[in-house]
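Have a look at the structure below, then the notes.
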Amino acid sequence: MKNIFSIVLLGTLVLSACGANNAVTSGTETPASTQNAVSTSTVEATVMPQSRLEVSQDALRGVEVTVWTPWYGVEQSLFETFVNEFNTSNPWGIKVSALSQINFTNLYETTTASLPTEDRPDLVIALPEHAQGWYADGVVTDLSDYVSDPLFGIDSSDIPFAFWNQDISDKARVAIPAQRTAQVMLWNQSWAEELNFKSAPTSADDFRRQACRAHDSMGKDAFAENDAMGGWIVNTEPMTAYSWMLAFGGGVMEEGNYRFLAPGNIDAFKYLRELSESNCAWQGAADPIASFVNREALFVTVDMKELPNVTRAFAAADNRDTWEVIPFPNDGDGLITVYGSSYVILNSTDEEQLAAWLFVKWLLENEQDARWVEATHLFPLRDSTLSLLGDYEKTHPQWKQAVDLLPLGEMEPQLGSWRTVKVMMGDGFAHMYRVNVESGQVAVILAQMETLAKDLSK
């Protein structure tokens with residue numbers, strides 16, 4: 001009896017299923033073309049992207065990549081940790097070895113000397129202008145095909161414009177960002193409010209008013225030795241000079257050539273010299289950060305990697321003043337100049353170039369990017385990395401202020417000759433202060449810079 005009941009129940013279920021199927025078919029019949037489209041879509045969704053680089057993954061097994069770096073200390077130690085992690089985890093069995101060249105100057109000279117030999121490295125962490133010069137000499141790999149490769153490429157839309165576009169030469173990609181930083185202004189908000197300024201300066205005139213009022217306040221205390229202080233501490237780093245020139249609508253390039261004797265640059269240098277002539281900018285601080293902490297300067301210019309040092313200096317002095325990171329004022333939103341090192345892959349075999357690229361791609365992943373930030377205090381290279389830096393942001397609020405300025409970032413000239421021209425520019429800017437060039441004579445300095453720049457670029 002039980003068996004008969006089971007057979008009847010099974011038959012009922014089969015008939016019900018058939019009825020349901022017929023009902024669907026008769027009510028909303030699915031055309032054969034639609035069924036084929038669904039089937040095709042399913043197949044296409046499972047197809048793996050194929051590389052266009054014509055290197056089999058089997059050929060990558062055991063490939064050795066030599067990397068030369070400009071670092072020592074904390075940065076080199078972390079980089080070697082990255083190398084070890086990549087070597088033990090990458091699925092291709094690629095083996096990377098790293099060698100420190102101590103600094104950028106030695107790295108450039110050593111790499112350049114090695115280029116005609118078989119001892120040259122596969123990957124170099126160098127300055128963008130180094131990459132530009134080597135590319136012009138025909139020894140650098142154009143990474144355009146690697147970036148856009150369906151299998152091994154990267155999404156560059158997640159990398160800020162001022163980072164990503166620095167390493168372009170015509171239509172070629174000569175390098176990939178490795179680290180990026182900027183010269184930024186620091187502003188003592190607490191002191192400024194006591195001087196009746198409610199917000200940071202957004203124009204050159206605002207900057208002058210605040211700097212001059214800070215200087216004037218120094219003459220009202222009982223200490224004669226600080227009477228020349230109070231405003232902006234002059235900073236003669238090349239990127240400071242370049243940022244001020246850009247802020248006044250100048251720059252160093254015009255139609256592909258160097259041009260320093262330009263109206264915006266004259267206005268910038270004249271403005272800065274007038275600040276000094278009125279004692280609203282001053283020189284001679286033994287430690288600009290200490291002077292900023294001690295209210296001897298309302299403004300100071302630093303590389304963003306120095307921000308933790310400023311925080312520690314305020315804590316050591318038990319100074320509770322609020323201070324902020326601000327851009328160079330330009331009668332608008334302001335600007336900063338972004339600079340830093342890049343990954344440069346030198347020409348070798350197809351397998352070695354791809355292996356070097358895969359290491360670079362891995363270094364650019366969010367996890368490694370975040371660890372770089374925490375160790376160096378520089379910009380994250382990817383916007384999405386910020387999601388991993390919430391705790392760091394809370395303990396380093398001025399770093400976050402600097403990151404928020406990235407949409408205002410400007411690039412350096414994309415020329416190999418910038419390697420020497422920027423040094424000359426810094427020397428010329430410092431010379432203007434050493435000999436106390438009058439504000440009305442700054443055009444002479446700029447004319448000399450332009451002549452030297454053209455000679456250096458030949």
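In summary, helices (runs of 4 or more DSSP H) completely within the range 381-443 and bearing 2 or more residues that are outside the structural domain of ALA136 (by TED's automatic domain parsing) and closer than 21 Å to PHE161 by Cα occur at 397-404. Being at pLDDT 95 or above and in contact with a Phe, Trp or Tyr (Cβ under 6 Å, 6 or more places away or on another chain) holds for only one residue in MET411, MET449, and it is MET449.
Residues in the range 273-323 that are farther than 22 Å from THR181 by Cβ, surrounded by fewer than 19 Cβ atoms within 10 Å (Cβ to Cβ) and touching a His at 6+ places or on another chain (Cβ under 6 Å): ASN279 only. Do the conditions hold for ALA285, that is, is it assigned to a loop (DSSP other than H, G, I, E, B) and either under 21 Å from ARG434 (Cα atoms) or without any contact (Cβ under 8 Å) to a residue 12 or more places away in the chain (or both)? Criteria met by ALA285.
The residues listed here are SER384, SER439, SER348, SER417; of these, the one that is hydroxyl-bearing (Ser, Thr, Tyr) and farther than 24 Å from GLN179 by Cβ is SER439. Here the range 156-180 is the region considered, the condition is being in contact with a Lys or Arg (Cβ under 9 Å, 6 or more places away or on another chain) and either among the acidic types (Asp, Glu) or not assigned by TED's automatic domain parsing to the domain that holds PHE359 (or both), and the residue that is surrounded by the fewest Cβ atoms within 10 Å (Cβ to Cβ) is ASP158. Screening the range 298-380 for helices (runs of 4 or more DSSP H) wholly inside it with 3 or more residues that are in the same structural domain as PRO91 (by TED's automatic domain parsing) and touching a strand residue (DSSP E or B) at 6+ places or on another chain (Cβ under 8 Å) returns the ranges 350-363. Of all the numbered requirements in (1) surrounded by 10 or more Cβ atoms within 10 Å (Cβ to Cβ); (2) at pLDDT 95 or above, ASN22 misses one, and that requirement is (2).
The helices (runs of 4 or more DSSP H) found entirely in the range 149-224 include none that carry 2 or more residues being out of contact with any strand residue (DSSP E or B) (no Cβ under 6 Å at 6 or more places or on another chain), closer than 26 Å to GLU129 by Cα and small (Gly, Ala, Ser).
Just one of (1) in contact (Cβ under 8 Å) with a residue 12 or more places away in the chain; (2) not in a helix (DSSP H, G or I) fails for TYR135. It is (2).
The values are calculated or read from the model by the stated rules, or taken from the named source; none is laboratory data. Just so you know, these numbers come straight off a predicted model, no measurement behind them. Cβ: placed from backbone, ideal geometry, glycine included. Neighbour counts: every protein chain shown.
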